[in-house]
1. Give me the extension gain from Glu142 to Trp163: residue separation times 0.36 nm, minus the current Cα-Cα distance, reported in nm with one decimal.
2. What shape does segment 101-188 take by its C-alpha gyration tensor, where a ≥ b ≥ c are the square roots of the eigenvalues and a/c under 1.5 counts as rounded, a/b above b/c as prolate, and the rest as oblate?
3. Give me the accessible area per residue for segment 63-147, probe 1.4 Å, as a whole number in Å².
4. Rounded, prolate or oblate, given the Cα gyration tensor of the chain, with a/c below 1.5 counting as rounded?
5. Rounded to a whole number, what % of the accessible area of the chain do carbon and sulfur atoms account for, probe 1.4 Å?
6. Between Asp25 and Ser41, 0.36 nm times their residue separation minus their Cα-Cα distance comes to what?
7. Specify, per residue and in Å³, the volume enclosed by the convex hull of the alpha carbon atoms belonging to segment 4-99.
8. Near the amide H of Asp61, under 5 Å away, which other amide H atoms are found, from residues 5 or more places off or on another chain, if H is placed in the peptide plane?
Amino acid sequence: MTRPPGHYDDAALREIAGVTIGHYDRMADDYRAGTQNHDVSQNRSALIDAIEGEAPYSILDLGCGPGRDLMAFREAGHEAVGLDGAAAFVAMARRAAGCEVLHQDFLALDLPAARFDGIFANASLFHVPRQELPRVLGQLREALKPRGVLFSSNPRGGNEEGWVGGRFGCFLDLETWRGRMNVAGFAEVDHYYRPPGKPRHRQPWLASVWRKAQPVPSRS
C-alpha cells in the first residue's frame, strides 16, 4: 500500500534498495517469462529518434532486467551497456545480449562522465524514492554527453510512494515528474501515455523524453 512521501535516513534507504533488489532476484525467472514478449518498441524508438547526430549511439539501459531491450539496441547496431541491481538479472542480461552489464544499485550509481548518447530508463526510475531523485537524476545527467537524451517510463499516480508487492515504488503525476526533471537540468522533448490506443484511465504508464540542458537551470 502506498502512502505520502516521507524522509528516509540511510538505513531506510538501504532497506528500500535491498528489499526491492531481493524481490527481483527471487522473481527473476518469472519476470523474464512474463515480460520477454512485451512490446516497448515505441519507447526504444522515442529515445533513438530524439538523439542528435549519426548512429550508432552509446546507450545505457538503466534497469535492463533480463536484457530484452539491451538485445534490441545491440541488434540495431548501437553500443549498448546494461545496468541492474539484481545479480540474477545481470547474469541473464550478459548471457542474452553479450553486452557489458554493470551491477549497480540505483541509489549508489558510479557512472563515467559524458559517456552516453542516451539513457533508457524503462520501468526503473520509479523505484527511486522521491527525496533521492535530484541526486540520481543529476548523476544520470552527468553520464550523458552534451545534449544527450534520457527516456523514462514510470507508472503514474498521485505522488504517493511506498511498498507495493514487495517492491518500493514512487508514483508521480506528470507535473511533479516534469518539475523534478527540469530542476535536474533536463528539457522536455515529448511525453505520452501507455499502452497506446487505450483511454487515459487505462494508460497507467507515463513515458517521457528529455534532453540534457546546458547549463543547468537556476534553482532560485
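The values are calculated or read from the model by the stated rules, or taken from the named source; none is laboratory data. Treat the numbers as computed from the prediction; the structure is a model and nothing was measured. Counting neighbours? That spans all protein chains shown, and the Cβs are built from the backbone with ideal geometry, glycine included. Side chains are part of the model used for accessible areas, which takes the heavy atoms of the whole protein and leaves out ligands, DNA and RNA. Shrake-Rupley method; radii C 1.70, N 1.55, O 1.52, S 1.80 Å.
1. Values: separation 21, 0.36 × 21 = 7.56 nm, distance 2.95 nm.
The Glu142-Trp163 span can extend by a further 4.6 nm.
2. On the way: a/c = 2.05, a/b = 1.37, b/c = 1.50.
In terms of gyration-tensor shape, oblate.
3. Values: 3060 Å² over 85 residues.
Value returned for segment 63-147: 36 Å² of accessible area per residue.
4. Values: a/c = 1.26, a/b = 1.04, b/c = 1.21.
Cα axes put the chain in the rounded bin.
5. Working: 5190 of 10200 Å².
About 51 percent, which is the carbon plus sulfur part of the accessible surface.
6. Values: separation 16, 0.36 × 16 = 5.76 nm, distance 2.53 nm.
Contour length minus the Cα-Cα distance gives 3.2 nm.
7. Working: hull volume 13.5 nm³, N = 96.
Expressed per residue, the convex hull around the Cα atoms of segment 4-99 is 141 Å³.
8. Correct list: Val81, Gly82, Leu83, Phe120.
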